[in-house]
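Here the structure is laid out as structure tokens; the discussion comes afterwards.
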Amino acid sequence: MPPRTTAEKTEKALVLASLMAPNADPFYRELAGYLSDVLGRRVRSVDKVDWTVREQMLHKGRADFGFVCGLQYVQVVDRGLADWDLLVAAVPAGARYCDSPVYFSDVVVKADSPFHTFDDLRGRSWAFNEPTSHSGYNVARYHVALKGVPVGFFRQVVSGEAHQNSLRLVAKGVVDAAAIDSTVLEQELRDHPKLAGQVRIIDTLGPSPIPPGVISRKVPASIRRDIRAAMLAMHDRAEGRRVLALARYARFAPVTDLDYDRIREMARLAETVRLSGETAILGPVLPEDTAASRRVRRG
């Protein structure tokens, strides 16, 4: 590749912000580096600030592009909260994904628990990551709605504020179960192999359209086209395949707004359900005395 010109070196960096789980941050750093080389201009990944800050950066156009939960995407575009174009969506590697931009929510319990089906969890405790999550929250409410239980399927619901925290709440026996984004779960079990012996999957919800990449319409159309083309062609280049493999992605695929109508449909039914009469919020660090640290809100 030819060396960058002085003009290219002084161009304002493109900013990439991921709202995915923290265990995906290394992938997005590598993706930013890859795109810098292919596009001939600097791309910077924002990963040293809380995801809520990244979210606002994407909403306000201070981040040029990024990846968001499918539920967040439809809520933002349908309410006119940001001016986004869809960019691409990942196609995870693995037979269960059928070479499509989809993912699942794996329902996990403690390995030695007595639960074997989702129905076994009625009247038990449940963890979710946060309420704008499709994989951890929306899909569970949808699944309960299909069972015709509008209120109180679970005895108690707690928020761990991230998939990785929810997973550990289950592994430690603080709560009975949680739904974990399948790509997050697979990465977490690769990063922390001991966890594989501490939890067990008893059900799988989905598939659902995978979290999409979005790009601000403030970015010039020519640059939007270049970024999309570079990402769609990654699997054709050796370095692109290396970066994709970090997240166990086979490739990126084009998507349209219609591809996320399934999440809209699920969200409409999910809104008719309240999983429990109370929600407890547990922070990212699990203390010894969880009861003492618990902040409860009614809802």
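Structure summary
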| quantity | calculated |
| --- | --- |
| Boolean, residue 33 is more than 18 Å from residue 235 (Cβ to Cβ) and small (Gly, Ala, Ser) | no |
| Sole exception among (1) more than 24 Å from residue 23 (Cβ to Cβ); (2) under 15 Å from the mean Cα position of the chain (by Cα) for residue 136, by number | (1) |
| Residue that is nearest to residue 123 (Cα to Cα) [pool: residues in the stretch 249-278 that are of a type in the set (Asp, Glu) and touching a Lys or Arg at 6+ places or on another chain (Cβ under 9 Å)] | 278 |
| Qualifying residue in the stretch 85-95 (condition: outside any loop (DSSP other than H, G, I, E, B) and either free of Cβ contacts under 8 Å to residues at least 12 places away in the same chain or polar (S, T, N, Q) (or both)) | yes |
| Filter result (closer than 14 Å to residue 36 by Cα, touching a helix residue (DSSP H, G or I) at 6+ places or on another chain (Cβ under 9 Å) and of a type outside the set (A, V, I, L, M, F, W, C)) within the stretch 221-238 | 226 |
| Residue in the stretch 99-114 that is without any contact (Cβ under 8 Å) to a residue 24 or more places away in the chain, more than 22 Å from residue 189 (Cβ to Cβ), in a helix (DSSP H, G or I) and over 16 Å from the mean Cα position of the chain (by Cα) present | no |
| Residue ID - nearest to the chain's Cα centre (by Cα), chosen from residues in the stretch 193-210 that are open to solvent by 50 Å² or more (accessible area, probe 1.4 Å) and not basic (Lys, Arg) | 207 |
| Residues (more than 21 Å from the chain's Cα centre (by Cα) and open to solvent by less than 10 Å² (accessible area, probe 1.4 Å)) located in the stretch 235-272 | 240 |
| Complete set of residues in the stretch 133-154 that are open to solvent by 10 Å² or more (accessible area, probe 1.4 Å), outside any helix (DSSP H, G or I) and either basic (Lys, Arg) or closer than 17 Å to residue 210 by Cβ (or both) | 147 |
| All positions within the stretch 74-112 that are in contact with a strand residue (DSSP E or B) (Cβ under 9 Å, 6 or more places away or on another chain), within 28 Å of residue 276 (Cβ to Cβ) and open to solvent by 20 Å² or more (accessible area, probe 1.4 Å) | 104, 110, 111, 112 |
| Top-ranked residue of the stretch 160-192 - restricted to ones that are modelled with pLDDT of 95 or more and in contact with a Pro (Cβ under 9 Å, 6 or more places away or on another chain), ranked as surrounded by the fewest Cβ atoms within 10 Å (Cβ to Cβ) | 186 |
| Strands (runs of 3 or more DSSP E) completely within the stretch 202-299 that count 1 or more residues being among the aromatic types (Phe, Trp, Tyr) and at pLDDT 95 or above | 249-253 |
| Failed condition for residue 120, given (1) over 13 Å from the mean Cα position of the chain (by Cα); (2) among the charged types (D, E, K, R); (3) assigned to a loop (DSSP other than H, G, I, E, B) | (3) |
| Residue 180 being in contact with a Ser or Thr (Cβ under 7 Å, 6 or more places away or on another chain) and within 20 Å of residue 24 (Cβ to Cβ) | yes |
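Residues are listed down the side, and each one gets a yes or a no for (1) open to solvent by 70 Å² or more (accessible area, probe 1.4 Å); (2) out of contact with any His (no Cβ under 9 Å at 6 or more places or on another chain); (3) part of a loop (DSSP other than H, G, I, E, B):
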{"residue": "24", "(1), (2), (3)": "no, yes, no"}
{"residue": "29", "(1), (2), (3)": "yes, yes, no"}
{"residue": "37", "(1), (2), (3)": "yes, yes, no"}
{"residue": "44", "(1), (2), (3)": "yes, yes, no"}
{"residue": "48", "(1), (2), (3)": "yes, yes, yes"}
{"residue": "54", "(1), (2), (3)": "no, yes, no"}
{"residue": "59", "(1), (2), (3)": "no, yes, no"}
{"residue": "66", "(1), (2), (3)": "no, yes, no"}
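The values are calculated or read from the model by the stated rules, or taken from the named source; none is laboratory data. Source: prediction; values computed, not measured. Cβ atoms come from the backbone with ideal geometry, glycine included; neighbour counts cover every protein chain shown. What goes into the accessible areas is simple: the full protein's heavy atoms, side chains included, and nothing from ligands, DNA or RNA. Shrake-Rupley method; radii C 1.70, N 1.55, O 1.52, S 1.80 Å.
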